[in-house]
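Student: Mind looking over this structure? Questions follow.
The values are calculated or read from the model by the stated rules, or taken from the named source; none is laboratory data. Please read all numbers here as calculations on a predicted model, not as lab measurements. Counting neighbours? That spans all protein chains shown, and the Cβs are built from the backbone with ideal geometry, glycine included. Quick note on the areas: whole protein, heavy atoms, side chains included, nothing else; ligands and nucleic acids left out. Shrake-Rupley method; radii C 1.70, N 1.55, O 1.52, S 1.80 Å.
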Amino acid sequence: MKLAQYIVQRVFAYFLVLFVGITITFFLPRLMPGDPINNYISQVQARAGQSLSAEAVQQLRDSLAELYGLQGNLFTQYINYLKRVVRLDFGPSFTYYPEPVSEILLESMPWTAGLLLTTTLLSWLIGNGIGLIAGYYNKRRAAAVLEFIGIVLYPIPYYILALVVILILAYWLGLFPLSPTFLPGPISWNKVVSILYNSFLPALTLVLAGFGWNVLSMKALAIATKEDSYVQFARLKGTTDRTRMVNYVFRNAMLPQITALVLSLGFIFNGALQTEIIFSYPGLGMTMRAAAGAGDYNLLYGSIVITILSVATAALVLDLIYPLFDPRIRLGR
Amino acid sequence: MIRLENIVATYTTHRGQVHAVEGVNLEIPDSTIVGIAGESGCGKSTLMKVLYGDIGFPLSLSSGKVDYGFVNDRGEPVTTENIRDEWFRRISYIPQSSMSSLNPVMRIRDQFVDFPATAGRKKEVLAQVRSFVQKLGLPPQAIDAYPHQLSGGMRQRIMVAMATFFQPEVILADEPTTALDVVVQKSILLLLLDLQKEMGNTILLVSHDMGVHYQITRKMLIMYAAKVVEYADTDDLFQQPLHPYTLMLIHSLPTIGDDRARHGLPGSPPSLWEMPQGCRFAPRCPLATARCRREEPPLKEHVRGRFSACHYANSVPELKKTLEAGPKLSEINVMELMAEAERDI
Ligand SMILES: Nc1ncnc2c1ncn2[C@@H]1O[C@H](COP(=O)(O)OP(=O)(O)O)[C@@H](O)[C@H]1O
Ligand SMILES: [Mg+2]
C-alpha cells in the first residue's frame, strides 16, 4: 500500500536526519581550538588564586574527562556520546555544576516550544487566510491592500522588525515591558496571565515575521488554483464564492503550504533564538547562548541535540498528518 | 424551442475587441440533440459559453440574446438575463476534461451536493444520487470515492450523472470525451443518448469527430470563422451538404472499407483579426467567384429546414460528385464547376 510506504520513508528520513545531525554535533566542536578541560582547570586555578600540584591537576583532569565523556580515543568517545544521547543524558552542566544538563533543558524547552508552536500556527493561519482572500479576489482593489501587507512585511529583517515593535509598543506606548519578568512559583491563573502578557511582544514579532511570506506564497497559489478546471467547473455549477474559496481553492492550495512549513521549520527555530536574545526570553536560545559564551560544552551539546530533535520531530509530525489533508497520499494513486 | 437572436459575442483583449461569434440566428427545437462542428478557433466553445450564460470578462455579448423557451419558478421567461439562476437546475454543462474537473481533495458525494439547488436537503439528494448513478452503470459506492480512485471513464460518467441528475431542459457538452480512449468515448456518448431519450432534454454537443455527429445527433450546426455556415438535419446534411465547407469536413472523415486517399482541408481559416471581405470561406473554396469575395452570403433556408450560407449552395452536389470520383482537391477543374454553378443560378 502507498500510505505505508510513505510513512516508512518519512520515519526513515527522520532517523537519518537525527543521526547525521547528532554526529556533526559531536565532531564540529572538536575542530575548534582550545581544550575544555584545560579551560576549566585554569578557571578553577584562577578562582583558587594559587596553582595546584601536578598530581592534583592530573586527578582533576581524569575525573573531568570521565564526567564529560572525554576519555579514550575519538571512536570510543563517539560511541559513548551516542549512548548518552539515546538516554538524553548529557552529563552535568559546567557552569551550573552539578545540575544535570537534561534538567536545565527541561526547564527552558517548554518556553521555546510554547512560543514557537503558537506563533507558527498563528502566522500560518492568518498569513494563509489573508493570502487566500488576496489571491481569490485578486481583481479587486481591497485584495491589493491585503497583499501590500505581505509585500511590506516580507523583506524586513527580523531584528529590525523586533526593534521597531519594541520601540513602538514598549518604549513609546509603554504597553508592554521592555524585558519580561515572569511570576515565580507553581502554575496559577496569575502566572498564566503574566506569561501571556510578557510573551506578547516576542510572539507578535514572530507572527509578523512569518506572516509576509505566507501571504505572498498563498496569494500566488490561490491565483493559480483558481484557474484549475475543477474550480472553473465548480463555478459553472453555481457554487457560492465562499464554497469555492474554502473547499476548492484553499483545500488544494494549502497542501504545498504545509510542505513549505515543514521545510522552513529550521529557520523558524533560528528566528526563535534571535527573539529570545532580543527579548531576554528564558528559552532554549538563551540557554544555548549562555552555554556557548561560558564554554559549557555539555550544555551546548545538549541544547543543540534537543534543537535538532525537536525540529526533526516537528517536521515528522507534519509529514505524518499531511495525508489527512491529501487523499491521494492517504488512499494511494 | 431555444431561440438565438443575432448573437455577437466579443472578447476584449489587449489588442482590441474581436468577435468570436458573429450574427448567429437559430432556432433549436426541444428534445433534440444538436451537433456543433468546425475547425478549432471557429467559436464553438464561445457559442457554448453564450448558451450557458457564462458571460463575463473578457467575453461580452455585443448584441442579441438567447431565449430558452421555458419559464422560471417565478413564471418569467428564461433568457440570457437570468439563465445563471438555472445552472444545474434547468441547464447543465459537461466539461471537456473529466480528469481534472473534479476537486481532488473532496469526496465525489460532497461535490454532488454543493449545488445551490441541493442546499438544505443534502441527505435526501444523496440517497437519490446513489440509486441514480447505478442506472448509469456505476456502483453506488463510487460516489464515496475521491476522484483519483476512479478511472477516466467512471469520472466522466460521474460528470454525466451530475449534468443529468436534475433533469435539466438543456445540456451543453463541449468535447466531453476528447480525453478518453475510443471505446470509453463511445460508451459515454451512448449513455448520454439513452438518458436523453428517457428525459427528452435538448443537448448541444461539440465534437471534432464527424462520425460521432453522424451516429448521435439529430441536427448539425457547422461553424466557420465565427459564423454559422450550415444548419440542417444530420441525415440530410451528411447525405447532401449545401455548403462546400461542410462537404470538405465530411470528406475528410475516413470511412471503413474506403482506402482512397482522404483529402484533408487545405489551407487554414482566416484570423479573426483580418477577416476577408465577402465570404469568409472564399480563400479556401473551390467554388469561390468574384461575387463571393465581394458579397458575404447570409444564412438562408435553401430547402425547407436546411440553412446554408453560400451563394452557390446548389452547386455543392456537383462538387460532391467530383470529390467522390476521386481526384485530389487541387485537380478539380474549378472553371468547369463554376460554369455549372453560374448555369444553376
Ligand atoms: N479568453 C479569450 N480571450 C480572447 N480571445 C479568446 C478567448 N477565448 C477564445 N478566444 C478566441 O475566440 C476564438 C474562438 O475560440 P473558441 O470559441 O474557443 O473556439 P473553438 O471552441 O471553436 O475552438 C478564437 O480565435 C480564440 O482565439
Ligand atoms: Mg473549444
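Student: Would you mind pulling out the separation of the Cα centroids of region A:300-333 and region A:192-226, in Å?
Tutor: Distance between centres, Cα-based: 20 Å.
Student: Here's another thing I want to ask about it. Could you pull the accessible area for B:Cys310 with a 1.4 Å probe, rounded to 10 Å²?
Tutor: Probe radius 1.4 Å; accessible area of B:Cys310 about 20 Å².
Student: By residue number, which cysteines of the protein assembly as shown lack any other Cys whose Cβ falls under 4.7 Å from their Cβ?
Tutor: B:Cys42, B:Cys285, B:Cys310
Student: Ignoring any ligand, DNA or RNA, what whole percent of the accessible area of region B:113-167 comes from carbon and sulfur when the probe is 1.4 angstrom?
Tutor: On region B:113-167, the fraction of accessible area on carbon and sulfur atoms equals 52 percent.
Student: Give the peptides A:175-186, A:125-136, A:93-104 in descending order of average Cβ contacts within 10 Å, highest first.
Tutor: Taking the mean over residues of other Cβ atoms within 10 Å, the ranking is A:125-136, A:93-104, A:175-186.
Student: Something else about it: How high is the FRET efficiency between A:Leu125 and B:Ser131 when r is their beta carbon distance and R₀ equals 30 Å, given to the nearest 0.05?
Tutor: 0.15
Student: As a test of the definition: with a 1.4 Å probe, what buried accessible area, both sides summed, do you compute for A against B, in Å² to the nearest 100?
Tutor: Approximately 2000 Å², summed over both chains.
Student: A:Phe200: accessible area at probe 1.4 Å, nearest 10 Å²?
Tutor: Only protein atoms counted, so the area is about 90 Å².
Student: Which three extents, in angstrom, do the Cα atoms of region B:99-167 have along their principal axes, listed largest first?
Tutor: 30, 25, 19
Student: In region B:39-116, which GluC sites (Glu not before Pro) are in a loop and have at most 16 other Cβ atoms within 10 Å, using DSSP for the loop call?
Tutor: Qualifying residues, ordered by number: B:Glu39, B:Glu81.
Student: Right, another one. In terms of the ratio Rg/(2.2 N^0.38 Å) built on C-alpha atoms, what value belongs to region A:115-267?
Tutor: After normalising by residue count via 2.2 N^0.38 Å, the value is 1.26.
Student: Can you give me the Cα centroid spacing of region A:159-186 and region A:242-274 in angstrom?
Tutor: Using only Cα atoms, the two centres lie 28 Å from each other.
Student: With a 1.4 Å probe on protein heavy atoms only, tell me which residues of region A:287-333 lose at least 20 Å² of accessible surface in the complex relative to the chain by itself.
Tutor: Listed in order, they are A:Pro327, A:Arg328, A:Arg330, A:Leu331, A:Arg333.
Student: Give me the compactness ratio for chain A, meaning the Cα radius of gyration over 2.2 N^0.38 Å.
Tutor: Normalised by 2.2 N^0.38 Å, the Cα Rg of chain A equals 1.24.
Student: Using a 1.4 angstrom probe and counting only protein chains, how large is the accessible area of B:His302 in Å², to 10?
Tutor: Only protein atoms counted, so the area is about 60 Å².
Student: What's the extension gain from A:Ile151 to A:Ser194 if we count 0.36 nm per residue and subtract their Cα-Cα distance?
Tutor: 12.1 nm
Student: Could I ask something else about it? Starting from the alpha-carbon convex hull of region A:247-320, give the projected area averaged over all orientations, in nm².
Tutor: 6.0 nm²
Student: Oh, and also: Say each of B:Lys65 and A:Ile168 gets a label point 7 Å from the Cα, pointing the same way as Cα to Cβ; how far apart are those two points in nm?
Tutor: Spacing of the two 7 Å Cα→Cβ label points: 5.3 nm.
Student: How much area per residue is accessible in the protein assembly as shown when the probe is 1.4 Å and only protein heavy atoms are counted (Å²)?
Tutor: Counting only protein heavy atoms, the per-residue value for the protein assembly as shown is 49 Å².
Student: Still on this structure, I have one more. How large is log10 I(q)/I(0) at q = 0.08, 0.10, 0.11 Å⁻¹ when the Debye formula is applied to the Cα atoms of the protein assembly as shown, each weighted equally and without solvent?
Tutor: -0.79, -1.01, -1.13
Student: Ok, one more. Looking at region A:98-192, which trypsin sites (Lys or Arg not before Pro) are in a loop (DSSP not H, G, I, E or B) and have at most 13 other Cβ atoms within 10 Å?
Tutor: When the trypsin sites (Lys or Arg not before Pro) of region A:98-192 are filtered for loop state and at most 13 Cβ neighbours within 10 Å, A:Lys139, A:Arg140 remain.
Student: Moving to a separate point now. Mind putting together the pair-distance distribution for region A:196-289? All Cα pairs, 5 Å bins, whole percent per bin, short to long.
Tutor: Answer for region A:196-289: a P(r) of 3, 12, 18, 15, 12, 11, 9, 8, 6, 4, 2, 0 percent.
Student: Which is the longest part of chain B that has none of the trypsin sites (Lys or Arg not before Pro) sitting in a DSSP loop with at most 12 other Cβ atoms within 10 Å?
Tutor: No qualifying site falls inside B:122-259, the longest such stretch.
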